[in-house]
Structures are given as structure tokens and as C-alpha cells.
Amino acid sequence: MNEETLPVNESSLPRISSLTELPDEILNKIIDYLCTDQVTPRSNNSKSLIGFPKYTYILNHIRIGSLYHDILALSSTCTYFRKRLAPILFQSLSLVRTNQVDAVLESPKSQQLFSDTKTIQQHFMKELIVNNIEQCERAATTWTSFQTNTFDDKMFKSRYGKYLMMTRFVNYLECDNSFLNGEGIRLFSNLTALKVLDIGEGAVFMSNFELANLRYLAINAQTLIYSPQFLRIVPKLNRLDLFLDYGNLPSLVGIRPLIQQFRTFSQLTELVLLLNNPFTIAYLDTIKLLETISKNASNFAKLTIRYIRRNNESTVDQSGWELYQGRIGGKLLKIFKNLTDLIIDISILDLIKFDPETYSSPVLYTDHLMEKRITLVDEVVVGPNIDSTTREIAGVIIRHCQFTHLFFQYGESIEESHLHVLKLLTDFVGWLSNGHLDQSRNYLGIRQISLEKCWSMTDDSLLRDMIGSSIKSKSESDLSALQKVYPWTTTINNSPRYKDIDSYNINYVEEAGLSITDSRGYFIGVSDQDADRPQFTTVDKKSGIQTINMEFWSGESSLLDFEQYSIRQRRSLLWG
């Protein structure tokens, strides 16, 4: 019998009585394997989505996937695994809603089914926190009853309260104003992301809390300017989602306290600015806010500017707000040039005006451009041609800021509008590359275009039917399907392009005799100079995999959340 076939002497193997006796390298590999993000199961979805957009409410057992119960069981074996696995098990928590159905359906507040904030908070504070804290502290004081100093000591905390309580491990929290005004927020000492889903608070917060680790905040501007605690944190944030409703702000104060916080160095890298109306982009305070952030936040790279679409009741007359004196395009262009990602509504884009010389000024172009993305959002595409005003404004921004990737998030107004949108985008890229007789005004920097149908009367109705039937059903499978409803959700009955990106790579070929059109799209003549014509090739997609614009859906989710929970909805449904 040679050495390779010698029987193993089991008595010589090291014996372990607990998993924690394994080397740290092996334990880390086990935990990493269990906690690797899972591909979302298909269930009612026609396709699987890999990953989720940032800062959106995903239930923990959905995020973890099929291994959730295994991880939960392992975390219950000892305090070591409790501490190691709790950040994954308790990553997200909402004290406002149980899922995202109300926001997706845009339910009136009187008809919300999954957003009973008061009941959710009472149950959470009573059952999961108060009872556990009291029982553990009572047990701890009994165990150490010989230590007289533990009795009647209000500062005494049990081992559970100090190290093992679930609130110590929550990273993402959703709450309302009342929770911030109470003592509950102090339990979440390690929060990194907070979304305040409530109407604006017009009174100064009396509660005193510290959120030293907070890096993401979504909040109503009115609540923010009346909260000294949050104002102090603002410069330390990496991302701020701000619902700016001037109709609920006092004109004598405005957002000047917020602007003041950004006058010193800021760590902000991303701003999602949600306006109550498109025209408020021209308000002086809006321009000052964007300008101050761009100047003092050296790593500021991503900007989203969208507007609230649902009807709301503003409580203050907006006629007293000061408009920016002059054309806002020059100021915004300086800000946009420093960005790597820009997402903007077409309705807001159309309000940006430039000085006349900006439209005709040449742009220095090189073949080695840094990757920069611009996303245009249009909920209703009405034809195969882009409006001439929109085309000129978008062209100026793309040329001067040298964006390389163009995304178009659109809504379908007629059947097969995908063909109209594809023609719209390809014609626009063609106009950018060879639409001007002055060669210095042509731009060859767009390397890829992507279009995604985000809204559709037919597809939206099919999705609503699926949600409605699941609500009416009593089966566990249908009810659990509601936990997987998100703004980007699709069903097996939806059209293939619904909430799924189509992308095209672009190469430019030099040709002679290309037609020239004016700003309105009318034929002028044929160029006698060589021009660069774009050629489009389809980017292959993986079968069964849903691909979405993650940056867009992250901001769109915040927009839907603020529309649902932070606007003053009309008290009567008779007027829309």
C-alpha cells in the first residue's frame, strides 16, 4: 500500500466543537458565499434583474434571496454570527410602509393599503424594541443583582441593548416626521441612509439626535431647513435627494440655510433635485444652490433634475420668489461640464436659454473622451421628430459638456412608438455629427445611445391588473408577489421592450453629399464637403435578463416616494 492510498486516521484530525473555532479565512469565505447578492427570481417577472438601484426600499429577505432562512438560522447560533450576519439580515427597514405598492399605484392617501405608518411604528417599537430591551435588562439586572449600583440606573444597558439589538445594524431607514421628533431615531446609531417620507415640517425639530455615519438623505426641503440636526450633516453627505416645493417655503427664508451649509467644503457627490414645477429651475435660489454645490463639492459628479407630476396643494403663493436675472443656460452649462452623469426632464430642459453666441460657438473635440452620460426623460413621445427647440438646447449641452452616452427614458403615447423614438434618436445623433455647415459645430463624441420604454398605457394597465389581482387573492404566493413590486417591475404579459434597455454602439463613417436641414428639419441642400455619418450596431442582450438604467430608476423611485408621501394631496378626488 503506497503513501497515496494510506487510510486516514480520523483520530489524528483536529476536532472542533463549534463553527467559530474555524480559522477566520474559512469563516470569511462561508459568510461571503452566503451573502453574495442573488439574481432576483422571476416569479411574476418576465425577466430577471441582476442587482437593484441604489437607495431603494428592498425587503431584506428579497434582497438576500433563497438563502435568507439559512443565514437567519446561522445568526441565531451565537453572538459571533449574530454580529457578522446582522448587517445583512437587518440592512433595510421602513417604518412608513410594508412594500412599494402604494407608490407604484399612486394610491390616494385615503385608499392606501400598505402605508399605515402609525400602526407599523407602534408594532415595531413595542414588540421588537421595547419588550426585548426591557426583558433583557431585567434579566441582566437579576443576573448581577449582587451589584447594587445596577438598580435604578437609567444609563444601564444590557448586553443585548449595547451590542445585539437589530437597530444597531440597520443601514437604510424610512420614517416620518413624528419618528424624528421622538426618541426612536436614537436607537439607529449606525444609519448610513435615511429617507424621510412625510409632508414638509414647518416647526423646528425639538428632538436631539446624532447620525454621524449618515451618507444619504432624502427629505422635503421644508423639513430640512427647520432641522438644525440635518443641516449640520448635509456637508458630510455623499448623496442628497431633495424635494424642493417652493409653494411650502416661506419666501423670507427660502432655502438660504441649506445654501449656507454648502459654502464650505462638502463631500457631496450626487444630488437628486425634485422640483414642484419645471419653471422653478429659473428661480434665483435654485441656481444659487446648484452653483454653490458645484463650487465647493470637489467630487460632485452626478445631478438629477426632475419635477413632481402629481397634483398637489401648495400652501403659499409662489409669486414672491425672485427669478434669476438673465439666461440661466450659462450658469447651468458651467455646472454640467463638471458632471459625469446628468439626468433631466425634457420639460425642464426646454426652459433653459443660452446667450446667442453659445449656440454657434465651436467646441474642441478629441477622440479620447472620458465616459460621460446624459439621460433625457420624456413621459409622452408624440412623434418621430425631436422638437427644434429641444434639439438645439440638448445639442449645446452635449457638445459643450462632451457627453459620450445618450440615454432616453420615454413614455409610449401610441403603439409601436419604439420605432418613432429610435428614429428620433438616430436623427438627433446624425444632426449632432453633420447637421451644421460650420464643421467646428459638429460633434462626434456620442459613442452609444440607449432607449428604455418606462411608461405605456397598455403595459402600465397590465401591471396594475397583476397587482390588483394579487391584492384580491388570498393565496400566499400572490400576496408575497406584492413584496416584489417596484417601479421597474414588469410582468410576463408586458411587451418585450417595457422597462428593458435597447442599446446601440455608434461608429462614424466619412461620406460626401449628405443633406443639410435647417433648425426646423426642412431640407436646405446637399453638402459639397465630406461629412461624418453615424452607423449604429445593436448591443447584444442576455436572454432572460432585464437591463435597466440603474441611475435613472434610483432617482425615479425617490420621485414616486415623494409624490406619494410628501406632497399635500387634494382632499377631494373629484378634481383629479
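The values are calculated or read from the model by the stated rules, or taken from the named source; none is laboratory data. Remember, predicted model here, so these are calculated numbers, not experimental data. Glycine also receives a Cβ, built like all others from the backbone with ideal geometry; neighbour counts cover every protein chain displayed.
Got a sec? Which of E452, E392 is touching a Lys or Arg at 6+ places or on another chain (Cβ under 7 Å) and in contact (Cβ under 8 Å) with a residue 12 or more places away in the chain?
Answer to the check: E452.
Being assigned to a loop (DSSP other than H, G, I, E, B) and more than 21 Å from T56 (Cβ to Cβ) is the filter; apply it to segment 454-491 and report the residue that is modelled with the highest pLDDT.
Going through the qualifying residues, I end up with S473.
Residue by residue through segment 271-288, note down the ones that are touching a residue at least 60 places away in the same chain (Cβ under 8 Å) and farther than 18 Å from I567 by Cβ.
Selection gives I281, A282.
Which one of these does K474 not meet: (1) more than 26 Å from N338 (Cβ to Cβ); (2) in contact with a helix residue (DSSP H, G or I) (Cβ under 7 Å, 6 or more places away or on another chain)?
The single condition K474 does not satisfy is (2).
Just to be sure, is I287 of a type in the set (A, V, I, L, M), surrounded by 15 or more Cβ atoms within 10 Å (Cβ to Cβ) and farther than 30 Å from E201 by Cα?
Considered against the rule, which asks whether it is of a type in the set (A, V, I, L, M), surrounded by 15 or more Cβ atoms within 10 Å (Cβ to Cβ) and farther than 30 Å from E201 by Cα, I287 comes out as no.
Restricting to segment 382-416, count the residues that are within 25 Å of the chain's Cα centre (by Cα), at negative phi and among the polar types (S, T, N, Q).
Summing the residues that are within 25 Å of the chain's Cα centre (by Cα), at negative phi and among the polar types (S, T, N, Q) in segment 382-416 gives 2.
How about segment 220-266: which of its residues are assigned to a loop (DSSP other than H, G, I, E, B), of a type in the set (F, W, Y) and surrounded by 23 or more Cβ atoms within 10 Å (Cβ to Cβ)?
The one that is assigned to a loop (DSSP other than H, G, I, E, B), of a type in the set (F, W, Y) and surrounded by 23 or more Cβ atoms within 10 Å (Cβ to Cβ): F262.
Here are the criteria: (1) buried (at least 22 other Cβ atoms within 10 Å of the Cβ); (2) within 16 Å of I343 (Cα to Cα); (3) of a type in the set (D, E, K, R). Tell me which single one K302 does not satisfy.
Every condition holds for K302 apart from (1).
Residues that are over 23 Å from E127 (Cα atoms), part of a loop (DSSP other than H, G, I, E, B) and at pLDDT 90 or above: does segment 167-188 have at least one?
Checked against the condition, which is being over 23 Å from E127 (Cα atoms), part of a loop (DSSP other than H, G, I, E, B) and at pLDDT 90 or above, segment 167-188 yields no hits at all.
Determine which single condition I346 fails, assuming it passes every other condition in (1) under 17 Å from E270 (Cα atoms); (2) buried (at least 19 other Cβ atoms within 10 Å of the Cβ).
For I346, the exception is condition (1).
Is it true that some residue in segment 234-246 is touching a residue at least 60 places away in the same chain (Cβ under 8 Å) and farther than 22 Å from D345 by Cβ?
No, segment 234-246 has no match at all.
Give me the residue from segment 81-109 that is touching a strand residue (DSSP E or B) at 6+ places or on another chain (Cβ under 7 Å) and of a type in the set (S, T, Y) and, out of that set, surrounded by the fewest Cβ atoms within 10 Å (Cβ to Cβ).
Residue satisfying both the conditions and the ranking: S92.
All but one of (1) buried (at least 18 other Cβ atoms within 10 Å of the Cβ); (2) under 17 Å from G247 (Cβ atoms); (3) out of contact with any strand residue (DSSP E or B) (no Cβ under 7 Å at 6 or more places or on another chain) hold for A297, so report the exception by its number.
(2)
For segment 359-376, check the following and say yes or no: at least one residue is hydrophobic (A, V, I, L, M, F, W, C) and free of Cβ contacts under 8 Å to residues at least 24 places away in the same chain.
Yes, segment 359-376 has at least one match.
Counting only residues that are in a strand (DSSP E or B) and of a type in the set (D, E, K, R), which one in segment 342-382 is nearest to S456 (Cα to Cα)?
E379
Residue-wise test of (1) modelled with pLDDT under 75; (2) not aliphatic (A, V, I, L, M).
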position: V8; (1), (2): yes, no
position: I16; (1), (2): yes, no
position: E21; (1), (2): no, yes
position: L27; (1), (2): no, no
position: L49; (1), (2): no, no
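Would you check if R327 is within 28 Å of the chain's Cα centre (by Cα) and assigned to a loop (DSSP other than H, G, I, E, B)?
no
Mind checking whether some residue in segment 307-316 is modelled with pLDDT of 90 or more and over 30 Å from E201 (Cα atoms)?
Within segment 307-316, not a single residue is modelled with pLDDT of 90 or more and over 30 Å from E201 (Cα atoms).
For R215, indicate whether it is basic (K, R), over 20 Å from S178 (Cα atoms), in contact (Cβ under 8 Å) with a residue 60 or more places away in the chain and touching a strand residue (DSSP E or B) at 6+ places or on another chain (Cβ under 9 Å).
So R215 does not fit the description; no.
Considering only segment 510-543, how many residues are within 30 Å of T304 (Cα to Cα) and either modelled with pLDDT under 80 or in a loop (DSSP other than H, G, I, E, B) (or both)?
Number of matching residues: 7.
Of all residues in segment 418-430, which are surrounded by fewer than 22 Cβ atoms within 10 Å (Cβ to Cβ) and of a type outside the set (A, V, I, L, M)?
H418, H420, K423, T426, D427, G430, listed by residue number.
Could you count how many residues in segment 431-443 are touching a strand residue (DSSP E or B) at 6+ places or on another chain (Cβ under 9 Å), outside any helix (DSSP H, G or I) and buried (at least 17 other Cβ atoms within 10 Å of the Cβ)?
Residues that pass the stated criteria total 3.
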